[in-house]
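J.: Below you will find the structure I want to go over with you.
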Amino acid sequence: MNQLILNLKTGQLALETVPVPQVGPGQVLIRSRRSLVSPGTERMLVAFGRGSLFSKAQQQPERVRQVFDKIKTDGLGPTINAIRRRLDQPIPLGYCNTGEVMAVGADVTDVCIGQRVASNGPHAEVVCVPRKLVAPIPDGVSDDEAAFTVAGAIALQSVRLIGPTLGETVVVIGLGLIGLLTVSLLELHGCCVIGIDSDETRCILARKRGITALNPAEIDVVRAVLERTGHGADGVVIAAASESGEIIAQAARMSRQRGRAVVSGVVPMHLNRADFFAKELTLQVSHSYGPGRHDVQYEQHGHDYPVGYVRWTENGNFQEILRLLSDKKLPVNDLITDVVPLTEFADVYAPKSQQRAIATLFSYPDTVDLNPVVQLRESRFSGNLGGVGMIGAGNFADATLLPALLNAGLTPLMIASVGGLNATRLARKFGIAQSTSDYRQILDNPAIDLCVIATRHDSHAHLTIAALQAGKHVFVEKPLALYDHELSEIITAQQQSGRAVTVGFNRRFSPFVQKMKGLLGSSAWHEVPINVVATMNAGNVPPDSWLHDRAVGGGRLIAEAVHLVDLITFLTGSRVTRVCLNAMGTNPTDTTDSATLLLHYENGATGTVHYFANGSTAYPKERVEAYSQGRTLVLDNYRKLTGYGFKNFSSLRGRQDKGHRALLTRIAALLRDGGPPPIPFADSVNATQTMLAALQSRRGQCWVEVTVTPERI
């Protein structure tokens, strides 16, 4: 199928052939009929992409300091590469879609196959959308009209926030698509509406709707509003997309005492306190479609808000717009500038077209290629290396795993992602033959011997089990499992299949860590146990991130601190037998991200893991210290190793190397020559058991025993 994407680095638009997305639980798969181009939002994104790197930095000054901090800790090269990768990621355009339901996921019972629906799906021939972002279209509403549902919901939410009452005067600044819809909704509330726009064509269109429209290029709009009202506007809705900081000031000056202003557009928020202080004004920013937007529990998990507390959610706003369209109370047909096939997208985004268009609709073909696999080039493998399939196409796969795989001579035959778009992008970038939206295509492919799993954490266990049952070797990114029962099932599947399971504990393969182990000598783990202290300055992650969700990300300790447990296991040459976790705060939750783990090893060694999220980003991320026999080793961020008390060693410096390439080179050797996995499976199981026991330790506020896994695993 075809999907329209934007490259943020170059501003280039492309119609990409991607696999049809797979419908998941709580989702709806829709074959598109129409989608509406949002001139303001999409034009802004295209303009941002076409700008220089300097202009991008000017528009996001808060990112510049983060860049300098990363240069200090990781070096210039890795920082530049990270920026390039971030800008190279494709952005799907569009969010106003109508179409016909093709399939529904588990738990979706109120939408039927064949039903027409409106959604916030992008410009693509087939879209997959969470149920809460889908609304059935009434029979009396055409596809063209229904395409305005989501844009209408944006306008409706700003009207709800302004709280208009019968007879009030409300000014709408910006008479583009959202502004004109806002005008119509305010009129339905019985308001006296004044529109403002510097585009005379838009002003004429607004006047045809029976409202007063003012052009700031011709008159002083603030004075005009004050003269017409006598006391100022009761409310101002700012629906403009502009770089001018004057708009907010104008809104304040034209408002009455204790007036209200709501921003639904994109304007600089440079406020003059005196403007708002003198009149005791209220300013509020509208959150897109309404309550529930970007709330994972609402949108992704389908948990609704109690109607007594949240009367109008984003889905409720969708439904209300469709009701107004059905009752012919919200006119939209006169806003349609063009209806063009998706294949003619280039003309739609031309600067002249953008300037004159209010609402352009894309149309879609009646038949769509529903193949979940896209062939990008002919598949070829040489030598004795087995085929590789990758499940997951996120940032880590792009930045780290795929470059390391290619360096090891392991170009995947196929790559999978849920939506198909990211998989196709990375397939083109790294020369992978096929992309797919269905991971089962990889498991069913007899040419693939190794399955690389780099998906979200909650899928690691079941994908590992499925791959083992399909007879594949597995390389899975940490964590191996989120719960005890998952770990038990993985062990059973591994024992039954006899295939190798390697977890992405790459740090033990860093050349700096390898040097540490060599310097410590065999006595470190046989005659004289060592002490290791590992600190990770992890940095803050927003509280609503999926990483903190125990059922999805597992929490940051399971997700990332486990790296340090495996690292200490490698340096001590032993496995954890007891663990105690001490964390900040008084609430013993499982997803803390600032904690200290105390580890006791089978050979008497001890380890301490400090995992902190409250440190400075200017400080290096990781530090490892090893103490043994009057000697000390200090590793700083996998860039510098310093020795104290060693006769023939003082320091080692180099580029940051966390061992990803070395680990995957070992994997390549396994596929070519056979032999044991580069990390004993028992070590990976023990590290996972340790983290699960650590959570138990926090709940019980005590030391918890860890069963040492038999060597035969």
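J.: Within the range 6-26, restricting attention to residues that are among the hydrophobic types (A, V, I, L, M, F, W, C) and surrounded by 24 or more Cβ atoms within 10 Å (Cβ to Cβ), which residue is nearest to V108 (Cα to Cα)? Please lay out each step first, then the result.
T.: From the range 6-26, those among the hydrophobic types (A, V, I, L, M, F, W, C) are 6, 8, 13-15, 18, 20, 23; that's our starting set.
Imposing the further condition that a residue be surrounded by 24 or more Cβ atoms within 10 Å (Cβ to Cβ) reduces the set to 18, 20.
On the way: V18: 25, V20: 20 Å.
Checking each candidate, the answer is V20.
J.: Would you point out the residue of the range 640-678, among those that are modelled with pLDDT of 95 or more and touching an Asp or Glu at 6+ places or on another chain (Cβ under 9 Å), that is surrounded by the fewest Cβ atoms within 10 Å (Cβ to Cβ)?
T.: Only one residue fits best here, namely T642.
J.: When you scan the range 440-457, do you find a residue that is of a type in the set (S, T, N, Q), buried (at least 23 other Cβ atoms within 10 Å of the Cβ), farther than 19 Å from H660 by Cα and touching a residue at least 60 places away in the same chain (Cβ under 8 Å), even just one?
T.: Among the residues of the range 440-457, not one is of a type in the set (S, T, N, Q), buried (at least 23 other Cβ atoms within 10 Å of the Cβ), farther than 19 Å from H660 by Cα and touching a residue at least 60 places away in the same chain (Cβ under 8 Å), which makes the answer no.
J.: I'd like to know if the range 267-285 contains one or more residues that are in contact (Cβ under 8 Å) with a residue 40 or more places away in the chain, farther than 19 Å from V225 by Cα and out of contact with any strand residue (DSSP E or B) (no Cβ under 7 Å at 6 or more places or on another chain).
T.: Checked the range 267-285: no residue is in contact (Cβ under 8 Å) with a residue 40 or more places away in the chain, farther than 19 Å from V225 by Cα and out of contact with any strand residue (DSSP E or B) (no Cβ under 7 Å at 6 or more places or on another chain).
Conditions (1) surrounded by fewer than 17 Cβ atoms within 10 Å (Cβ to Cβ); (2) outside any helix (DSSP H, G or I); (3) modelled with pLDDT of 95 or more, marked per residue:
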{"position": "V222", "(1), (2), (3)": "no, no, yes"}
{"position": "V237", "(1), (2), (3)": "no, yes, yes"}
{"position": "I247", "(1), (2), (3)": "no, no, no"}
{"position": "G259", "(1), (2), (3)": "no, yes, yes"}
{"position": "V262", "(1), (2), (3)": "no, yes, yes"}
{"position": "F277", "(1), (2), (3)": "yes, no, no"}
{"position": "Y289", "(1), (2), (3)": "no, yes, no"}
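J.: Ok, one more. So which residues in the range 389-421 are among the β-branched types (V, I, T) and surrounded by fewer than 24 Cβ atoms within 10 Å (Cβ to Cβ), if there are any at all?
T.: Taking the range 389-421 and keeping what is among the β-branched types (V, I, T), we get 391, 400, 411, 415, 418.
Once the filter is applied, which keeps residues that are among the β-branched types (V, I, T) and surrounded by fewer than 24 Cβ atoms within 10 Å (Cβ to Cβ), the range 389-421 yields T400, T411, V418.
J.: So which of G700, G659, G643 is more than 21 Å from G521 (Cα to Cα), of a type in the set (G, A, S) and assigned by TED's automatic domain parsing to the domain that holds C580?
T.: On the way: G659 fails: more than 21 Å from G521 (Cα to Cα); G643 fails: more than 21 Å from G521 (Cα to Cα).
After ruling out the rest, the residue left standing is G700.
J.: Restricting to the range 462-506, name every residue that is part of a helix (DSSP H, G or I) and either outside the structural domain of T400 (by TED's automatic domain parsing) or surrounded by 23 or more Cβ atoms within 10 Å (Cβ to Cβ) (or both). Before you say what the answer is, go through the steps one by one.
T.: As a first pass, look at the range 462-506 and keep what is part of a helix (DSSP H, G or I): 462-469, 484-497, 506.
Selection gives T464, A467, L468, I490, N506.
J.: Which numbered condition trips up T569, out of (1) touching a residue at least 60 places away in the same chain (Cβ under 8 Å); (2) polar (S, T, N, Q); (3) farther than 30 Å from F646 by Cβ; (4) outside any strand (DSSP E or B)?
T.: (3)
J.: Among the residues of the range 639-698, count how many are assigned to a loop (DSSP other than H, G, I, E, B) and closer than 15 Å to R508 by Cα.
T.: Step one: filter the range 639-698 for residues assigned to a loop (DSSP other than H, G, I, E, B), giving 639, 645-650, 654-659, 674-680.
When the remaining residues are screened for being closer than 15 Å to R508 by Cα, the result is 639, 656-659, 677-680.
Within the range 639-698, residues that are assigned to a loop (DSSP other than H, G, I, E, B) and closer than 15 Å to R508 by Cα number 9.
J.: What residue, of A427, A399, is small (G, A, S), in the same structural domain as E486 (by TED's automatic domain parsing), without any contact (Cβ under 8 Å) to a residue 60 or more places away in the chain and not in a loop (DSSP other than H, G, I, E, B)?
T.: A427
J.: When residues of the range 90-133 are filtered for being without any contact (Cβ under 8 Å) to a residue 60 or more places away in the chain and among the aliphatic types (A, V, I, L, M), how many remain?
T.: Filtering the range 90-133 for residues without any contact (Cβ under 8 Å) to a residue 60 or more places away in the chain gives 95, 109-110, 112-115.
Among the residues that remain, those that are also among the aliphatic types (A, V, I, L, M) are: 113.
Residues that pass the stated criteria total 1.
J.: List the strands (runs of 3 or more DSSP E) that sit entirely inside the range 113-185 and contain at least 1 residues that are farther than 15 Å from E320 by Cβ, of a type in the set (A, V, I, L, M) and not assigned by TED's automatic domain parsing to the domain that holds I358.
T.: Numbers: elements: 116-119, 126-130, 134-136, 169-173.
Output list reads 169-173.
The values are calculated or read from the model by the stated rules, or taken from the named source; none is laboratory data. Here the structure is a predicted model, which is why all the values come from computation and not from measurement. Note that we place each Cβ from the backbone using ideal geometry, even for glycine, and neighbour counts take in every protein chain shown.
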